[in-house]
1. For region 139-170, which residues satisfy the criterion of being of a type outside the set (D, E, K, R), part of a loop (DSSP other than H, G, I, E, B) and within 13 Å of the ligand (Cβ to nearest atom)?
2. Do we find that Asn253 is out of contact with any Leu (no Cβ under 8 Å at 6 or more places or on another chain) and open to solvent by 40 Å² or more (accessible area, probe 1.4 Å) in this structure?
3. Yes or no: Asp174 within 19 Å of Tyr52 (Cα to Cα), in contact with a strand residue (DSSP E or B) (Cβ under 8 Å, 6 or more places away or on another chain) and at pLDDT below 95?
4. Looking at (1) among the small types (Gly, Ala, Ser); (2) within 18 Å of Ser252 (Cβ to Cβ); (3) not in a strand (DSSP E or B), which one does Ser136 not meet, given that it meets all the others?
5. Hey, does region 95-102 have a residue that's of a type in the set (A, V, I, L, M) and open to solvent by less than 10 Å² (accessible area, probe 1.4 Å)?
6. Please work out which residue is nearest to the ligand (Cβ to nearest atom), limiting yourself to region 103-116 and to residues that are surrounded by fewer than 18 Cβ atoms within 10 Å (Cβ to Cβ) and closer than 19 Å to Val300 by Cβ.
7. Taking region 171-190, which residues are within 13 Å of the ligand (Cβ to nearest atom), open to solvent by less than 60 Å² (accessible area, probe 1.4 Å) and not in a strand (DSSP E or B)?
8. Any residue in region 415-430 that is open to solvent by less than 40 Å² (accessible area, probe 1.4 Å), among the basic types (Lys, Arg) and at pLDDT below 95?
Amino acid sequence: MTRLTTTACVFAVCALAASSDAAAATSRIYNGTTWHATDGSTINAHAAGIYYEDGYYYWFGENRDGMRSNGVSVYRSTDLLNWDSLGLALTPEGERKNTLQDVAPGRTLERPKVIKNPTTGKYVMWAHWEDGEDYSKARVMVAQADKPEGPYTLVRTLRPNGQESRDQTIFRDDDNKAYHIRSSEENMTLQCSLLSDDYLAPTDTYERIIPGKQYEAPAILKINETYIGFFSGCTGWRPNPGHVCTTRDIMSNNWNDLGNPCVDDNASTTYTSQPTYALKLAGYDYAYMYLGDRWNSSNVQTSTYVWLPIFLRTGTPFLRYYESWDLSIFDTLDAIRRAAAIEDGNTYVLLSRLADRMVSLSAGKVCLYDDNDSKNLSFVFEATGEPDTYKLRRADTDSYLRASGSSVVLEDGADLETQKWVFERSSDNFYSIVSKATGKVLSVKDASMASGAEIELIEKTTAAKARFGVYFDHRKFDYEEDNPFGAPVVPAAVENVTPDAGRITLTIAPGAVTVSGVANVAKVMVYDVAGRCVAQRSLLCGGAAATMMLNNLNAGIYIVTVSDDNSSASIKIAL
Ligand code: GAL
């Protein structure tokens, strides 16, 4: 292991002398420390982009010497921990040209990202390009190579679609379309261009995707049909609160802003980091890593790296901070999947909507806990014969989850009313878990997201603290899954959505949509381009077309989301 800091090395050597698990102590990610390649050199690859092929991760990054750019470094690894230095993937060369078509020494290259073009077979690199004087040129550099590690040769520098481009990334989609996402318009607006088939230029199709919010440092991933973007605010090298946004259409100007993904101390600085890349790990279905930079503006090459697992299971991506961690965390993050429906006799865990932690037993208390087989509670769901009502028997025991005043306890025993729980499902597929005996709901005390947060019973509320998902261990059980990032399904019953001056008309087949158990009702939400909900209604459709008047809305573009208990779809309309 070669990436340890001095302190960590001392620890590793001690561990070596003291025990035989020195290897385990070294196979960790140590955030915010200097990392070394396998040859002992300091890794100098900032604002990383990762490309994966045939068992190898290739890490591209800015090779810096203070403000000066030395080109683009490339490192290669099979485990994301031990990196072989492969030198420079792109070396500055040639003379400065007035046309700005050069990568001459002294030019600034930032945030390099690489994808492979399936048609040409070439590896294509896009990076932020500046002339070396300041940040006013706001261009990108496109280069390509025959091998992932390079050497990359310049194709062109440009302003995509004539637009300024500073912080940037590229994203290759499942259908092999690729996109360039950049901070533009004086860094006020994120834009996205569809790239040409060879990925070497933008097409004419581009969109202002996150207008006016001054987000930068884009890092994009996609899970099933949902795109997830991590961004920073715009304060130069100084860290600021991060943002996570999602959308079903990467070119949409209506990304959902979910706020700061960080939940631990130092959330307001994104744990002293700025995003640069979101990586899907090979060998898992749902393992994704956040890659960020902890900048040192006075000595940019000594800036360090902050890599963290992304928590996704609830459908709201978030980041917890770990000073150091190992990749085994992904074994459970990947394995605990949401059940499509509750089936009598199946074994489930309960996952907090708020904290993405499982209901567990620790120190004799029912509480939330980190993924941990010996603490997390697996329950066999026993149907009681009453609708949606189950007794939850702790797997391999005779203990049942029971309501006791405002507490929840596990007790062996008789067939008590206090052991019965009604699972009330909401449209986001989380449940209110209601005590049959008292009508109170399971909730996380003080809305805490911490491991150890107690589970209590409170008066009914729909707050996130009182919502739980029914999940299962995909390694042990072959139940039907409900992916929180599943494809949008237009409610089968919606036959037509027609925008017309000041109103939308919905045609829905009778009996085919159900909201909260009520047939013929569809839920309609209307969002403006900034993502604000400007109107909502539960529409009774019962056969004839139902009309929703939007009298108070200005002319413009709106997103209408039509959903029922099982599905939801968004439609863009112009009023
Ligand atoms: C940040 C940007 C960095 C770098 C820096 C220079 O806003 O994210 O990549 O360009 O500004 O001040």
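1. Ser165, the sole residue that qualifies.
2. no
3. Yes; evaluated as a whole, the condition is true for this residue.
4. (2)
5. Looking for residues that are of a type in the set (A, V, I, L, M) and open to solvent by less than 10 Å² (accessible area, probe 1.4 Å), one finds none in region 95-102, hence no.
6. Gly106
7. Asn187
8. no
The values are calculated or read from the model by the stated rules, or taken from the named source; none is laboratory data. Just so you know, these numbers come straight off a predicted model, no measurement behind them. Cβ: placed from backbone, ideal geometry, glycine included. Neighbour counts: every protein chain shown. For accessibility, only protein heavy atoms count, side chains too; no ligands or nucleic acids. Shrake-Rupley method; radii C 1.70, N 1.55, O 1.52, S 1.80 Å.
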